[in-house]
Each structure stands twice: as structure tokens, then as C-alpha cells.
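Beneath this line is the structure, given in C-alpha cells, with notes to follow.
The values are calculated or read from the model by the stated rules, or taken from the named source; none is laboratory data. If you're wondering where the values come from, they're calculated on a predicted model, not measured in any experiment. Here the Cβ positions follow ideal geometry from the backbone for every residue, glycine too, while neighbour counts run over all protein chains shown.
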Amino acid sequence: MIAISNLTKSFKNFKAVNDLNMDISNGEILGLAGLNGAGKTTTIRATAGIIFPTSGKILVDNFDMVENKTEASKHIGWVPELPNFEPDSRPIPLLKYYAGFYGINSADAEKDIVELMKKFDIYAYKDKKLKFYSQGMKKRFSLVAAMMGNPDNFLFDETLNGLDPQGVREVRDFIIELKKQGKSILLSSHILSELQNVADRIAIMKNGTIIKILTRDDLNHLGTTGIKIHIKNPDDKLDKVLLNFGQLEYDGYYYMIKNSSNVDPSDINNELVKANYKVDYIGVQNETLEEYFLNMVK
Amino acid sequence: MNGFLYDIKRTLSGKFTIILIVLLVLITVATAYGAGISSDTAAPAQTDLVLPYVNDTGGVIHVSDYVINGYGQPVSGLSITSSIGNASINTIENYTGSSNSQGYLNFTVHSNASNFYYIYTGQYTNGNPAAYHNNEIVYYNGKMGRSESYSTIDPCYSTYFNYSFEPIYAVILKDKANPSQISTMVYVPYINSSINNQPLSISYNISTASAGVNANNAGSGNVTEMTHPGVLIITPSLTTKDLDKNVNFFINNKTEQVVPTVSYIYTYIKPGVALQNDLAIYFGILLIPIMSIFSAYFYYSKDKTSGVLESIIARPITKGKLMISRFTGNSVSFLVGLLISFGLADVILKHYTGVYISSGTFATMLIGYLVEAIGFAGLMYLITQFERTQGQILGTGIGLLFILGFMWTTLSEALLFLLHIQSITHLLKNLLILDSISPSYYPDIIADYHLGVYSGLSASSVGINIYSVVIIGLAWVLIPSLLALYFARKRD
Ligand SMILES: Nc1ncnc2c1ncn2[C@@H]1O[C@H](COP(=O)(O)OP(=O)(O)O)[C@@H](O)[C@H]1O
Ligand SMILES: [Mg+2]
């Protein structure tokens, strides 16, 4: 359980995080969405105990991250946005060193480490120094590192970002697995749709504060679906045909029919073919969530 | 194990610790070797000395050569080739013989010559000539004399003559076990029974080289029993404080004080002090600051600025404790490095000079350099709290090395010059104050405290005492590091 209340973090006179309140319950995944510079990383770093809040309170399993950092840190794992580990270390000794901070002895730690490295597909690189790890390998390594001490709360900063599609699926599955174990998870991203299928709630952040919290239910009903069409041989009468199916928007290339939840795209296709239009593309479009998001945070 | 100890353990077993210790050890050992081979040793130069005596009893010339080594012990079996000649430089008789088990070679020559000379050359049993001081003795009108000017060679002896022109030999001896101990042996040949019956006494005092010789305040010293007829040995108690001072001996027979006084300058430097002096040239102002600055950089500053430290701060440990653990590991690696270095230096000096470093010198070197290393490291940990890039930190570190290290004396003197401080005592006192502002000079201050001397003045007269030494030392250990800790706990 993570409880953040009235968190403010200033750099000189600039408030990167401004009076932020946020709770994450056990077994919940909270998405934190916001454009670059919104203050997501700053919030996460303060929650991980890396930087000191200017004011406000951060509780991790009821341990205060400032007053009682050592206890609070035992209960939270952090996967940083830009992993940065001792470049000359090899993974297993370094992870054992981390494990030492949780009072885990070397032999026990080694068993867990090997298991986790296998799970995240980096066991094959166990003898390589970390400076020779690729960005993706470092990210996987930092997932293993965050698991040291088996904490009950996790902070994932843009973790899905920059992974290949298979990596995204694996990490997403892993996060969901943690949720099933009852852990509280904060997952940030500057792409809302990345969070859409994982997060139970999404907090939208702008200028250092949360401007809206969306539930999964909200997500499913956000915006309107549309049907996107491209015609090879448009003419003056095309608008008239399409307007029969709903509101029409044109972006210079695609036509978009909105408020069309009860229209079947194949009906539109049939009509267009009948009128001798060459249909290049027709499909249901769902990018309105991202539009919604961008409109809100811009 | 808690995180704090875990981090110290990792720091101590890190690659940099090993490099640090190896470097310290290599450089110290090389310096100790240099100090060892150039130090006075307990063994004197391999020399036997012939102390001759001649006497004419009317028709018979008595010759008695007494042979000793550099410790004052009689030497038997030294072959001596002698020649007695008359005033016209015609040989009266040649004689060759060896010293007996008591160290004497005695023989007589029948001759009516009342003026004659005696020439002798000692040969070792291996055939090499033994050292001689002046191998010609002149006997003229019943009195013995030699034309030499008295000079000091090592091991030196001088011949003096009392008012009756009876010779008195004063020989500076070494101690077999302790090269810092120098004794003076007085030998009065005893063939002439009237001299033999004269009781002898020796006393000594120690004066600064310029103060001259004054017998009034002579101490008695430890005069040994006569181990040999006519032989007295006195061992003045000399300490490091007597370095470069005059040691004056006053030899008296029954009726008078022998003139001139035997006098020499005490130049013996204990090998440990010699090592300390050698190290002072570059250890305190260069090597320790460099190593300390780089160790702080590698143990802490580099990780802090690169962000690597964050991956550890994310663990159950606070920023303050992490800084303390790095700082402790840093300090302990210096302690271990210095202990091993000086321990090995001790063994080397013992090997080459026969003397261990005194525990006081050992302790002052260890504490002095450790305090310096901790002081510089503390300054680095402190600036790390305020600077953001590795370049800035290393730049500031090198600035510290320049300013507080090898430029400090120049800067201090320039400052005092600008302040028009002229009286020498004032100058020294102010230099001392400035020296205590740089950790580079703490090893010197504590060494001066131990020796009791600061630039020729008594250390206490310029304010070097147990309190100031402890306070300055504690200040360097605690102030920079505690300030660094304060900011490490407060700042990101
Ligand atoms: N250490 C810092 N010093 C000064 N400004 C900072 C620092 N860290 C972050 N910021 C500023 O705070 C704002 C929020 O940054 P960040 O939390 O990284 O945003 P996000 O992760 O949402 O992209 C940005 O304007 C950034 O420039
Ligand atoms: Mg970020």
C-alpha cells in the first residue's frame, strides 16, 4: 500500500510536483500518465526515497519514507526510468550485495537471483559486466534488482517504454502477476494507451499535479469510436453518402465517421462500392482515448 | 548483516582498496629501504684501532700497542708491523707481532737513543691494513708526542696529552645493540706506574653547537667500572632531542682537567625518524592528498554524481548511513594500508639498521597520515554534496591538492610576508597556525610534538602541545566529515 499526501517537490523555485495526493491499495495497479515533464519521475523518485520531498508525506505500508526510510525501503521496489548500475560489476555479485541490505544471506540470495535472471531471460549474460548490457538487458536487470527483498510495493517508471513487443507482453504479464499476489503497483507512462490494458485506474498528471483519475470503466466509455475510410477516387458527392452514417470529419486523407456505434462498417463499404467508389481502407478506429488524453494534458 | 556493515565490507573488498593499499605499501617500502640503507647502523665501520704507547726507561724502549674494535672491545690476533728509528731516520729495529688475548702487543727494544720515532701498521689476519689514525709517534726528550691535528674519523679517536705529555686516548664507541647510543672510552696507557696510579674521572654535558663548552654544569654520566687497566667508558644519555647538539666530555686525572675537552656533534637520527623525515618530503603534501582525493572520488563521489548511488539508496539504507559506510570503508582502507606499510617499513629498517621504529614514531606516523587522509577525504565528501558532475568534483579535488598540499607553505609564507610579520618567533607561530589549516601538515605537527622541536624551537614554545595536537587532529577527522554527513542527510 502506498499513500502519498500533499507531496510537493521543488527544484529551486520550480515545483516539479505540486501538492500531489495519490493512494495505491494492495492488489491495485495505478497507471500514472502525463506528458514528458509532467512530474511522474519526480513523484516516483520521491516515493522510492531517492530524493527528499519538499513537503508532504509518503507512506509505504505505513512506514514514512522520510522519517523511517530504512523500513519503508524494505517494502518497495523501484524500476527506474533510466537504469544506472555500477558498470564494472557483474550481475550476480551486485544483486547479492543488494540482497545483503535486506539481511538475505549470500546462498539464499543466489538461488533467487538465478531464478529471476532466468525468468527475465538475462541468465545467459550472467558473466558479463553490466556496462556491456544493452538498454533492454539493463531494463530486465533492473526488474530483477527491484525484486530483491521481495517487496510488497513497486514503482515502474516508463518500464514498458522502449521494450520490443514481446518484452512489453512479458513485463505486462509480470506486472499483472504481481497484482494477483496482492502487491500495489505504480506504473508510469507518457502514452496512455500503454496503460489501458493493465491499470485498474489511471491518474492523469499535468504540471506536477493529478488533474483526473480514470477508472477502468471510464476508460471503456471514453470518447467515441469511429470508422475510418480512405477512398481512391473521392468526388463531391462522397460527403453526402458518408453523412448518412453519422457525423463526418476529414483530415485531408482519411474520412472519419463518428457516433457510429451501431453502424456496421461492411454496410458502409457496400454503399460505397455500389456508388462506384474504390475503397482503399475501411476500419473501426479507437484512438480517441489518446486524443482525449492529449486534449486534456496539452 | 545490516546494510551499513554490508556496504563497508564491499568497499573494503573492492578493487580500489587493493590498489590503494598496494600503492601505499610499495612507496613506503621503497622509502624505508632508502632510509634503511643510508642510516647509521649498530655495527661500526669494520675497523680495528691501534692505540700505541712508547716510553724510554734509559737504554730500553718499551712499546705497548692496545688494540680495540669500534665497540671498545680488545682485539686479539691483529698483526702489527713496527719500526723504531733514530733522529737521523735510521732504523733501530723492525718488529712484527700480534696482539694477545687482552688486546696488547708489548715488546722492548734496546737502544740508547733518547729521541726516536715509532711507526706502526696494523694488518688484519686476512692481510688488509687496519685503520690507523696517525701511525707515527715521536719521542723527544722523554716526552711522547705526535704531530697530528686531532680530527674525527669514524670510529674516531683522538689523542690528548696532559700537562706531563702523557697520552690520553678518547675514542667514540658504538653500542652493539643500539646505534643511537654512543659512548666515549678514555684510555690511559699504564706502563708508567705513576700514571696508572692516577684515578680518572669523566663527566659530560650537552650544549647547543654554538653555546661553547662549559664544564661547570657537566653531568656525571654512567661511568662504567674499569673493564681493563686504564680504560673508562662513559655513556651519555642522548635522545632525539639532542640531534645536532654538542656532546662535551671532561676528562680529569688526579690533579687536573685534561685540555682540550673531547667534544663531538650528535648526528644520529633513528631510522624510524629518518623514514619519517623522508616521507615528510612528499607523503604529506603530495601522495596522501592524491590518494585520499582519488579514494574519496572512487568510493563515493563518482557513484554519487553518476547516479549509481541511487541504485543503492533505493535499498533499506539512508543517504547519511550510506555516506558514513563509504567514509568508514575509505578510512579503514587507509588505516589498513598505512599499518601494513609501516609494519613492513619497520621490518625493513630492522633488517638494515638493527633497530625497530620506536613505538612513538610509529604511532605519530600512523596517526598523522591517517588523520591527513581522513581530513582530505572528508573535504571531498563535503564538496560532493554540492557539485553535480564528476569533472567539477575532480577539478575541485585537484585544486585542494594544489592549495592545501604542495602549495600551502608557499601560500602561507606569501600571506605572512604580505602581513609584514617579521619576528621569527611570530613568523613560526603564524606558520604553525596556517599549517594546522591544511591536513597536509598534520603529520608534521604531530611529529614535531613527538620530537619536541619545531623549526629549531621547542615545540611547546610555539604552542604545540598535547591539547593542540589532539584538537587539530580531531578537527580534521570530524569537521569535514560531519559537515558532509549533515548535507548528505539534507540534500538530494
Ligand atoms: N533534479 C532536477 N533539477 C531541476 N529540475 C528537475 C530535476 N528533475 C526534474 N526536474 C524538472 O521537473 C519537471 C518534471 O520532471 P519529471 O518528473 O522527470 O517528469 P516526467 O517523468 O513526467 O517526464 C521537469 O520540468 C524537469 O525538468
Ligand atoms: Mg519521467
**Message:** Test of understanding: among B:ALA314, B:ALA373, B:ALA345, B:ALA414, which residue is touching a Phe, Trp or Tyr at 6+ places or on another chain (Cβ under 8 Å) and over 30 Å from A:ILE44 (Cβ atoms)?
**Reply:** B:ALA373
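Residues that are surrounded by fewer than 18 Cβ atoms within 10 Å (Cβ to Cβ): find the strands (runs of 3 or more DSSP E) completely inside region B:26-110 holding 2 or more of those.
B:60-69, B:79-86, B:91-98, B:104-110
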**Asked** Can we say A:THR54 is within 16 Å of ligand 2 (Cβ to nearest atom) and either closer than 26 Å to A:ASN197 by Cβ or out of contact with any Pro (no Cβ under 9 Å at 6 or more places or on another chain) (or both)?
**Response** no
**Request:** Filter region A:52-73 down to residues that are within 9 Å of chain B (Cβ to nearest Cβ) and surrounded by fewer than 21 Cβ atoms within 10 Å (Cβ to Cβ) and give me whichever is nearest to ligand 1 (Cβ to nearest atom).
**Result:** A:PHE52
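I'd like the full set of residues that are among the aromatic types (Phe, Trp, Tyr), more than 28 Å from B:SER481 (Cβ to Cβ) and in a helix (DSSP H, G or I), limited to region B:341-359.
B:TYR352
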**Request:** Go through the residues of region A:2-16 one by one and say whether even a single one is away from ligand 1 (no atom under 16 Å from the Cβ) and more than 21 Å from the chain's Cα centre (by Cα).
**Result:** yes
**Request:** Among the numbered conditions (1) within 14 Å of another protein chain (Cβ to nearest Cβ); (2) at pLDDT 95 or above, tell me where B:SER306 comes up short.
**Result:** (2)
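Suppose we filter B:PHE402, B:PHE362 for residues that are part of a helix (DSSP H, G or I), assigned by TED's automatic domain parsing to the domain that holds B:SER292 and free of Cβ contacts under 8 Å to residues at least 60 places away in the same chain; which single one remains?
So the residue among B:PHE402, B:PHE362 that is part of a helix (DSSP H, G or I), assigned by TED's automatic domain parsing to the domain that holds B:SER292 and free of Cβ contacts under 8 Å to residues at least 60 places away in the same chain is B:PHE402.
Conditions (1) within 14 Å of chain B (Cβ to nearest Cβ); (2) more than 16 Å from ligand 2 (Cβ to nearest atom); (3) at pLDDT 95 or above; (4) touching a strand residue (DSSP E or B) at 6+ places or on another chain (Cβ under 8 Å), marked per residue:
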residue: A:ILE4; (1), (2), (3), (4): no, yes, yes, yes
residue: A:LEU7; (1), (2), (3), (4): no, no, yes, yes
residue: A:SER10; (1), (2), (3), (4): yes, yes, yes, yes
residue: A:ASN13; (1), (2), (3), (4): no, yes, no, no
residue: A:ASP23; (1), (2), (3), (4): no, yes, yes, yes
residue: A:ILE29; (1), (2), (3), (4): no, yes, yes, yes
residue: A:GLY37; (1), (2), (3), (4): no, no, no, no
residue: A:THR41; (1), (2), (3), (4): yes, no, yes, yes
